[in-house]
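A.B. asks: Structure below; questions to follow.
What follows is calculated from the coordinates using simple rules that are stated; it is not laboratory data. All figures in this text were calculated on a predicted structure; none of them were measured in a lab. Quick reminder, even Gly has a Cβ in these numbers, built from the backbone with ideal geometry, and neighbours come from all protein chains shown.
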Amino acid sequence: MFWPDGQALPRFASPAALDVLDLRDAPAADVLLATTAQGVVNRDLPQIWLVREADEGSHTWLDTLALPATPVAGVDDLVARHRRQIRGAVLADPAVPATVNVATTLAGLEDAVVAGPDAADRLGLPILADLRGRFDEDRQAYRWAVDRLWPRTTHRMLVGLSPDVPGFLRDYAVANRAFVIWTHARDRTLLKGLLADMPPNSPYVGWWPSGVSGESRGTELASRHAVYVVPADFAHNLTVFGGVRSALAAPPSPEVPPLEDRVYVTFTMTDGDNLQYCQHAMRRLWDTPERGRVPLNWTVSPLLRDAAPAILAYYQRTATPNDLLVAGPSGAGYAYPGVWPARHLPAFTRQTAEYSLDPGPPVVNVLNRARRIDRDMSRRRLAAYARDVAPLGILQHWTFRHRVKTVSGLPVATGRLVSTVEECRRVLARAAGPGPRFVSIGVLAWSMTPSDAATLASELDDRYRVVRADHFFHLIRRRGAPR
């Protein structure tokens, strides 16, 4: 592993060949055991790839990477192949869900796997820690872990992962010797202490409980401590992806169209800050034949440069002239800049510039919330982006309105989020009028597709023109003060 100061996420050694274990029909206990074993083994050299059900297909990325691969018969065979690197087993308590996360944290510290007692006995693994019967409830288990384990784990990363998810991100947590937790942001005591101990501009990798409410509360709490979120709780094989070297190159860029008396529309697919979306749902959407028929912006995480350069390289390599990759909210990671401590914001915006997706001026999508309400960024916060990132423009949070304004020479387009074709039709119909006008539309990636964008574009008359976001902002700059 290679994780120098200033690098957002760790990079792993380059894999030469992979043992491939299919876990699609495996019981949860085997998934947990295999995923923690993957973290121990892949820390030094990525050698294990685990097959799971996925939106893009179970073997799509494995085929894309095209590394030599050897099928493994089962979890027992996997452990036997790598037994010298595994010191033993940690036992979780089935009656206390949080102990799955505590055991995962211990597995990273002790070069161990999380296993049941029968599996440990069968595989000849000494029991290094037994958490059964030690705690009455989750909070007690996490408090013990904070006291005993947090001082031993890395403080450059915190992992948020549901105990009900046995696999996926756990290999990454184990490999990085990271602390794993799953607690509501409204239960602030535990989280505040952990976040306060982390260096500014560090990642919280994973996700939050309680859906959208938990997302807003958790991301705001992290942002107030200068910690950004890297959504990744259903990402898998990151300990392999982080080691595959891939050449990154800017996709093709067509010429900017002339400024005319039209309504200029730009469509942006949402949720690209999410590593698991970039790995799964985005690959499925990207590979549809309708992609490329009309200009479309795709938010992606700039941190793919560290976490999975092969994923970013694939999108760059296969992009059409109508596809534009833009930085997902709110730059280097998911954060609310309005509540980020002012003294630490320059470090975040400078890192956003460093992780820019292509050599030219970037386009950045920003979400900015406080107390779960979308807010416009202040002039001072926008100035930090303008100074350090120098973007062509900012696609601001998706709200129930759309508008474009220019602040200190920086175009900011507030986009209207739509989740259906009919909803988008109504927004576009109301936007008709003398131009040039500029309308930014957020296309909800979980309910809409490139085919929907192509349908909408085909229905527009000559009063409209659909453009990429970089062209959108170039035209706004030509226009001057936009309407």
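A.B. asks: If you project the alpha carbons of the range 1-141 onto their three principal axes, what span does each projection cover, largest first, in Å?
C.D. replies: 47, 40, 33
A.B. asks: Residue-wise, which Karplus ³J(HN,Hα) couplings in Hz belong to the range 12-18, taking 6.51 cos²θ - 1.76 cosθ + 1.60, θ = phi - 60°, and x for glycine or proline?
C.D. replies: Whole-Hz 3J(HN,Hα) from phi for the range 12-18: 10, 5, 7, x, 9, 7, 10.
A.B. asks: Distance between Cα centroids, the range 56-83 to the range 1-44: provide it in whole Å.
C.D. replies: With the range 56-83 and the range 1-44 each reduced to a Cα centre, they are spaced 11 Å.
A.B. asks: What ranking do Phe267, Phe400 get, fewest neighbouring Cβ atoms within 10 angstrom at the top?
C.D. replies: On the way: Phe267 28, Phe400 7.
Fewest to most other Cβ atoms nearby, the residues stand as Phe400, Phe267.
A.B. asks: Stokes-Einstein D for the range 36-108 at 37 °C, 0.692 mPa s, Kirkwood Rh over Cα pairs, in µm²/s? Don't jump to the answer; show the numbers that get you there.
C.D. replies: Working: Rh = 14.3 Å.
The diffusion coefficient I find is 229 µm²/s.
A.B. asks: Can you sort Ile127, Ile476 from fewest to most other Cβ atoms within 10 Å of each residue's own Cβ? Let's see the in-between values first.
C.D. replies: Details: Ile127 14, Ile476 23.
Listing Ile127, Ile476 from fewest to most nearby Cβ atoms yields Ile127, Ile476.
A.B. asks: Hey, another quick one. Mind sorting Cys424, Cys278 by how few other Cβ atoms lie within 10 Å of their own Cβ, fewest first? Provide the component values of the computation, followed by the final result.
C.D. replies: On the way: Cys424 25, Cys278 29.
In order of increasing Cβ crowding within 10 Å: Cys424, Cys278.
A.B. asks: Could you tell me the largest-minus-smallest coordinate of the C-alpha atoms of the chain on each of the three principal axes, in descending order and whole angstroms?
C.D. replies: Largest first, the chain extends 76, 45, 39 Å along its Cα principal axes.
A.B. asks: For His397, which sequence-distant residues (separation of 5 or more, or a different chain) have an amide H within less than 5 Å of its own amide H, given hydrogens modelled in the peptide plane?
C.D. replies: Long-range HN contacts for His397: Val366, Asn368.
A.B. asks: Rounded to whole Å, give me the distance from the Cα center of the range 120-166 to that of the range 311-381.
C.D. replies: 34 Å
A.B. asks: List the residue ranges in the chain for DSSP H helices whose C-alpha atoms run 30 angstrom or more along the long axis and whose Kyte-Doolittle average is -1.0 or above. Write down the numbers at each step before the final one.
C.D. replies: Numbers: long enough: none.
None clear 30 Å together with a mean of -1.0.
A.B. asks: I'd like the FRET efficiency for Ala370 and Gln7, computed as 1/(1 + (r/R0)^6) with the beta carbon distance as r and R0 of 35 Å, rounded to 0.05.
C.D. replies: Values: r = 30 Å, r/R0 = 0.85.
Working from the Cβ atoms, E equals 0.75.
A.B. asks: Tell me, what are the semi-axes, in whole angstrom and largest first, of the equivalent ellipsoid of the range 196-256 as set by the roots of 5 times the Cα gyration tensor eigenvalues? Could you put the intermediate results ahead of the total?
C.D. replies: Numbers: eigenvalues 164, 62, 42 Å².
Listed largest to smallest, the semi-axes of the range 196-256 are 29, 18, 15 Å.
A.B. asks: Computed on alpha carbon atoms, what radius of gyration and Dmax characterise the range 133-275, expressed in Å?
C.D. replies: Using the Cα atoms of the range 133-275, the pair Rg, Dmax is 19.3, 72 Å.
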